[in-house]
Amino acid sequence: MGESVLSEKSFDFALSIVNTYKTLREKGEYVLSKQMLRSGTSIGANVAEANMAQTLADFSSKMYIALKEANETSYWLKLLGRAGYLNQAETNELTEKCRELLRMLIATTKKTAPRKQQLNTEH
């Protein structure tokens, strides 16, 4: 069975973040870029963990963590762009990819949250 679109996109985004991190380090930026690296690669890692979840609650929790990491990454990209470490084209490209992941993760967490609540009320 092939990977989900979300898995593929979050992995590709992580690669973009790693490459951007390398570029920022070459420019002498170490602190903000490390924060972006951590949150930006964590999205895909949490999606991968969710795909191996043992329960619906576990799946939902990992997807929600991925959503929070995507939101944090969006913040770091905005900050790096406004601070002049990323040019407008880089900022726009990465931000759009991040927004796409955010939309996908929001849709996923909305789909699983009601079922999670329903399961919790049945016990």
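The values are calculated or read from the model by the stated rules, or taken from the named source; none is laboratory data. None of these values were measured; they are calculated from a predicted model. As a convention, Cβ positions derive from the backbone with ideal geometry for all residues, glycine included, and neighbour counts pool all protein chains shown.
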Q) Name the residues in segment 45-65 that are over 14 Å from A113 (Cβ atoms) and crowded, with 21+ Cβ neighbours inside 10 Å, would you? A) N46, V47
Q. Among the numbered criteria (1) at pLDDT 95 or above; (2) surrounded by 19 or more Cβ atoms within 10 Å (Cβ to Cβ), which single criterion is violated by L79?
A. (2)
Q: Please list, ordered by first then second residue, the pairs with beta carbon atoms under 8 Å, 6 or more apart or interchain, first in segment 84-107 and under 20 Å from G44 (Cα atoms), second in a helix (DSSP H, G or I) and of a type in the set (D, E, K, R).
A: T91/K78; T95/K78; K97/K9; K97/D12; E100/K9; L101/K9; M104/K9
Q | All positions within segment 8-59 that are within 19 Å of A107 (Cβ to Cβ) and of a type in the set (K, R) | A | K9
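Which count do you get for residues in segment 61-86 that are assigned to a helix (DSSP H, G or I), small (G, A, S) and either on the phi > 0 side of the Ramachandran plot or within 16 Å of the chain's Cα centre (by Cα) (or both)? Steps first, please.
Of segment 61-86, the ones assigned to a helix (DSSP H, G or I) are 61-82.
Narrowing further to those that are small (G, A, S): 61, 66, 70, 74, 81.
Keeping just the survivors that are either on the phi > 0 side of the Ramachandran plot or within 16 Å of the chain's Cα centre (by Cα) (or both) gives 61, 66, 70, 74.
Selection size over segment 61-86: 4.
Among the residues of segment 38-60, is there at least one that is in a helix (DSSP H, G or I), closer than 19 Å to N87 by Cβ and among the aliphatic types (A, V, I, L, M)? Step through it out loud before you land on a result.
Of segment 38-60, the ones in a helix (DSSP H, G or I) are 38-51, 56-60.
Going one step further and asking which of them are closer than 19 Å to N87 by Cβ, we end up with 40.
When the remaining residues are screened for being among the aliphatic types (A, V, I, L, M), the result is none.
No, segment 38-60 has no match at all.
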Q: Would you check which residues across segment 27-44 are without any contact (Cβ under 8 Å) to a residue 24 or more places away in the chain and surrounded by fewer than 18 Cβ atoms within 10 Å (Cβ to Cβ) and list them?
A: G28, Y30, V31, K34, R38
